[in-house]
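Nothing in this text is a laboratory measurement; each read-out follows from the coordinates by a stated rule. Bear in mind the structure is a predicted one, so any value in this text is a computation, not a measurement. No Cβ is skipped: glycine too gets one built from the backbone with ideal geometry, and neighbour counts run over all protein chains shown.
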Amino acid sequence: MNNRNDSQVIIETWTAADFPLLQLINAPEMMEHLGGSETEELLANRHERYLAIADKGTGRMFTITLLPEGQKVGSVGYWDSARNGESIYEIGWSVLPNFQGKGIATAAVREAIASAEREGKHRYVHAFPSIGNPASNAVCRKLNFQPMGECEFEYPPGNLMQCNDWRFEIERKSCDS
């Protein structure tokens, strides 16, 4: 099997230099389960949101980097959201086609969850992969997300898709320990 060791994957804060990676992620085959590719204008707007998210304190976006090569192969991030009236983190990820099926997404999502745990802001992280995306649903199963059922989810705005709602409970650090 071609699985990579978790120590070979790191996540790094998204920077202005990462726009070319976002353009690769925007390829039709990468956006198949997310309503299709975005226009250059929408993509530039998304890049600006990725750059601003940490400064606003509303989440974090990262590149996924392979070691020792230092090659950027995808993105992962989490952001403030709400589900059924509860404040949560929503998480999402993308791994370029040549690097899929090697455990990279699982390792990167694990690292992003660890970052969210350090922030300690919300109790739960939710992922909403399309019901037609077996690879992303498998990442949730491997990381012991709880299946919460199917739901209708809007992404991008104006596009409703059928998703699985997966929930991961964050270990919260006690202030009195």
Note, the range 38-51: 3J(HN,Hα) by Karplus (6.51, -1.76, 1.60, θ = phi - 60°), whole Hz, Gly/Pro = x, goes 9, 5, 4, 5, 5, 5, 4, 5, 5, 4, 5, 5, 4, 5
If you take mean projected area of the Cα convex hull in nm² from the coordinates, which of [x] 11.1; [y] 16.4; [z] 9.9 do you get? [x]
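Where does the charge balance sit around GLN146 when Lys and Arg score +1, Asp and Glu -1, over other residues with C-beta under 11 Å from its C-beta?
Overall, the nearby charge balance is 0.
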May I have the count of lysine pairs in the chain with C-alpha atoms under 22 Å apart, counting pairs 8 or more residues apart or located on different chains? 4
Counting only helical runs of four or more DSSP H residues, what would the 222 nm mean residue ellipticity of the chain come to if each run contributes -39,500 (n - 2.57) and the total is spread over all its residues? -8500 deg cm²/dmol
To the nearest 20 debye, what is the magnitude of the charge dipole of the chain about its Cα centre, counting +1 on the Cβ of each Lys and Arg and -1 on the Cβ of each Asp and Glu? 520 debye
